[in-house]
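Notes for the one structure printed next.
The values are calculated or read from the model by the stated rules, or taken from the named source; none is laboratory data. Values in this document were obtained by computation on a predicted structure and should not be read as measured data. Backbone-built Cβ (ideal geometry, glycine too); neighbour counts: all protein chains shown.
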Amino acid sequence: MSSGSGSGSLLKYIGIRVLLVIPMMWVLLTLVFILLRVAPGDPVTAAVGDKLSPAAIAQRQHQLGLDKPLIQQYVEYIGHVCRFDFGTTITDKEPVLTVIRDQGGATLTLTLGAFLFAVAVGVPLGRLAGRRRDTALDAGIRVFGVVTYAAPIFWVGIMLVALVIKFLPSWPTFGIASPVVAFEVPTKTHIMLVDAVLYGHGDAITDVLKHHVLPCFTLGLLLMGVIIRLVRVNVIQAMKGDYVEAARARGIKEGRVIRKHAFRNALVPVITVIGLQVALTLSGAVLTERTFNWPGLGTALITYLNGRDYIAVQGLVTFFAIVVVIVSVLVDIINALVDPRVRY
Amino acid sequence: MTVVEHSAHEDDGPVLEARDLRVWYATDRGPVRAVDGVSFQIRRGEILGLVGESGCGKSTLGRGLIGLLPDGSARDGELEFQGLDLLHLSAREQRDLRGTDLAMIFQEPLTRLNPLMRISEHFEETLRTHEKGISKDEVRRRSLEVLRVMGIPPTRYRAYPHEFSGGMRQRLMIALALVLRPAFVVADEPTTALDVLVEAQIIRILHDLRREYDTSLLLITHNLGIIAEACDRVAVMYAGEIVEIGDATAVFSHPKHPYTRELLRSTISLSTTGLNYIDGAPPDLVEPPSGCHFHPRCPDAMRICAERDPVDRDHGDGHRAACWAADLSDGLSLSEDERAPLEREEIAVADEA
């Protein structure tokens, strides 16, 4: 116990948490595998059935290993994923990994931007509402939070686009960059924003940033509703905390009491829930990308879904699952760094 | 602050004196008179016990003394601390006094330390708030010294609150309250959440405080045994008023007020053969009973008790009580009508209503 607060227990906690990724991942991969198999219809027929003869279809199925027993398919699927092999798409014969590399960057900057925006605006708003509880300001912020959370993403996106086109016609409303910029900027990292920065032209960077504003704003609003409500409730809760009153009894200044004792403690549960929202953000990203014609993984997923490209969908969903698992580990580690009680 | 300390050393006058102190809370039904006209003094190094049933205003009085009241409450009357008029200080001036001169120890030690802060950080924060520019070494030296007095080893200085037991956490809270050597400490049921052995240990620590720190202490409790063991004087509170106050042994051996007597009778000990309790419940503090607040439950109630407020009278050696019956046995003359026992039926009907 005497060494309980040392860094040893933190390292041990992180070690255990990372090891727990293995069973977590296994459960998720199994779920992905089962969900795709219980869907009715046979993928090859669904994708290209009307164009090929039954013999050709059977041959395709054999190629994809779909004629093997389920259990063998399952073992092979897990084995491939372990070697980071997500398969090759049926429709355009591209390795799924290449799709992820080419289009993942756009999704990354979209979700990160939305996330930063939601946290930067949502946390202060939630804190303000919590401190000014039951005032008109609080009511206004709460209504805003509920509306942004409840409004469907594609509707918000379309409304924003309509508004921008009316009042600011020169502002870009779709895509990740203007065609000229997209053509000029050499592809290095497959992340448009980073490539533009590496290219070094101010105009190109501004152009890409401008393209990010509307999609990030739209996706950010979805997250912000959750964050506002969470921060507000937790700040109210923490302000009633016994240690907050005890700090006041020691004559600590009110500003510091709120910052160090109420607000900081209120953020602990918020971190956990924000981490869980990553899954929500990813599903929101699919809709946002669709709305803004964003060249990311969400757009790719919808295209492959429409094409009944079963291998591509399986690969992309697997990748999303891995991202969610990794983020949840990161959130747990951050939590352990912030809250000493978490480390066991 | 130095001026304040000088005046305290001058004589044996009270460190803190309340005169007709009132603390009311606003509610939808009207003001709750949680503390309703209370007068007492605490001398330097003295331990004053404050007893009473739950909801009688003990904790409100304790918080009222150090200015730690929630929004929607107000204090009135007079409250003098080392020559300062506490009720007319700004919020900022009151805050500056808390920690350095006035301190509080709470009932629930488990939840009173911030779980995200090390013990060292709690001490640093407290010391730095009140003594600008204090060095890190000085913070450490002074914190470790007070922790040593509380029996916490220096190796635990950097630990987090969850690594300590309940008793240790209460000792940490006491250390944190004492690190700035306040002249007056309110301890609000400091042992209620702890087991009996730890309770004895904490009471011993509080009892010995004056030797190390010359601190005056208001010890709020509902445990009469603790009062008898640790306190010099005791104040008995009922329905927002102090009904009896005096030397602890005098009050316990010759209680003047029927409420004190009944409270003592309901104490449980090894020799207890039957349980005593006081009929009825504490009154509603929004509309307290007329006359003596205790008259509806008092076995000695007379007609006068329901009509006129009893006078707070000294019965010798500073043993004060506010009770008509006590006055009567001390030789006060009351008319036949005033002395007539109060009809119990009326009370029962009033209770039903």
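Once the stretch B:213-246 is narrowed to residues that are touching a residue at least 60 places away in the same chain (Cβ under 8 Å), of a type in the set (D, E, K, R) and farther than 19 Å from B:R19 by Cα, the residue that is surrounded by the most Cβ atoms within 10 Å (Cβ to Cβ) is B:D232. Could you tell me which residue of the stretch A:261-302 is nearest to A:L97 (Cα to Cα), considering only residues that are surrounded by fewer than 19 Cβ atoms within 10 Å (Cβ to Cβ) and within 14 Å of chain B (Cβ to nearest Cβ)? Within the stretch A:261-302, the match that is nearest to A:L97 (Cα to Cα) is A:I271.
For every residue, the table says whether it meets (1) closer than 29 Å to B:P31 by Cα; (2) touching a Pro at 6+ places or on another chain (Cβ under 8 Å); (3) in the same structural domain as B:G37 (by TED's automatic domain parsing).
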position: B:L275; (1), (2), (3): no, no, no
position: B:I278; (1), (2), (3): yes, no, no
position: B:P283; (1), (2), (3): yes, yes, no
position: B:G291; (1), (2), (3): yes, yes, no
position: B:C298; (1), (2), (3): yes, yes, no
position: B:A306; (1), (2), (3): yes, yes, no
position: B:D309; (1), (2), (3): yes, no, no
position: B:D312; (1), (2), (3): yes, no, no
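Look at (1) closer than 24 Å to A:I322 by Cα; (2) in a loop (DSSP other than H, G, I, E, B); (3) not polar (S, T, N, Q) and you find that A:V75 fails only one, number (2).
Residue count for the stretch B:66-75 under the criterion of being on the phi > 0 side of the Ramachandran plot and surrounded by 13 or more Cβ atoms within 10 Å (Cβ to Cβ): the result is 1. Here the stretch A:34-72 is the region considered, the condition is being in a helix (DSSP H, G or I), over 20 Å from A:L316 (Cβ atoms) and in contact with a helix residue (DSSP H, G or I) (Cβ under 8 Å, 6 or more places away or on another chain), and the residue that is modelled with the highest pLDDT is A:L70.
In the stretch A:87-96, which residues are out of contact with any Asp or Glu (no Cβ under 7 Å at 6 or more places or on another chain), within 15 Å of A:V317 (Cβ to Cβ) and modelled with pLDDT under 90?
A:G87
Among helices (runs of 4 or more DSSP H) entirely within the stretch B:192-287, having at least 2 residues that are closer than 27 Å to B:D327 by Cβ singles out B:224-230, B:248-253, B:258-265.
Scanning the stretch B:195-212 turns up no residue that is surrounded by 17 or more Cβ atoms within 10 Å (Cβ to Cβ) and within 14 Å of chain A (Cβ to nearest Cβ). If you go through the stretch B:158-191 and keep only what is closer than 16 Å to B:L110 by Cβ, more than 12 Å from chain A (Cβ to nearest Cβ) and not in a helix (DSSP H, G or I), you end up with B:E189, B:P190, B:T191. Taking the criterion of being at pLDDT 90 or above and within 22 Å of the chain's Cα centre (by Cα), the residues of the stretch B:280-311 that qualify are B:C292, B:H293, B:F294.
Search the stretch B:76-89 for residues being away from every other protein chain (no Cβ under 13 Å) and in a loop (DSSP other than H, G, I, E, B), and hand back the single one that is surrounded by the most Cβ atoms within 10 Å (Cβ to Cβ). Only one residue fits best here, namely B:Q82. Condition test on A:P152, is it modelled with pLDDT under 90 and under 26 Å from the mean Cα position of the chain (by Cα)? In short, yes. Applying the selection to the stretch B:52-69, what residues are in a loop (DSSP other than H, G, I, E, B) and away from chain A (no Cβ under 11 Å)? Residues satisfying the conditions are B:G52, B:E53, B:S54, B:G55, B:C56, B:G57. Residue pairs whose Cβ atoms lie under 7 Å apart, separated by 6 or more positions or on different chains, with the first residue in the stretch A:233-244 and at pLDDT below 95 and among the acidic types (D, E) and the second surrounded by fewer than 19 Cβ atoms within 10 Å (Cβ to Cβ) and in a helix (DSSP H, G or I), are A:D242/B:T111. Considering the conditions (1) closer than 22 Å to A:L297 by Cβ; (2) free of Cβ contacts under 8 Å to residues at least 60 places away in the same chain, A:V143 is excluded by exactly one of them, (1). Restricting attention to the stretch A:158-174, the residues that are crowded, with 17+ Cβ neighbours inside 10 Å and at pLDDT 90 or above add up to 3.
Restricting the search to helices (runs of 4 or more DSSP H) fully inside the stretch B:91-157 and requiring at least 2 residues that are more than 11 Å from chain A (Cβ to nearest Cβ) and in contact with a Leu (Cβ under 8 Å, 6 or more places away or on another chain) gives B:136-149.
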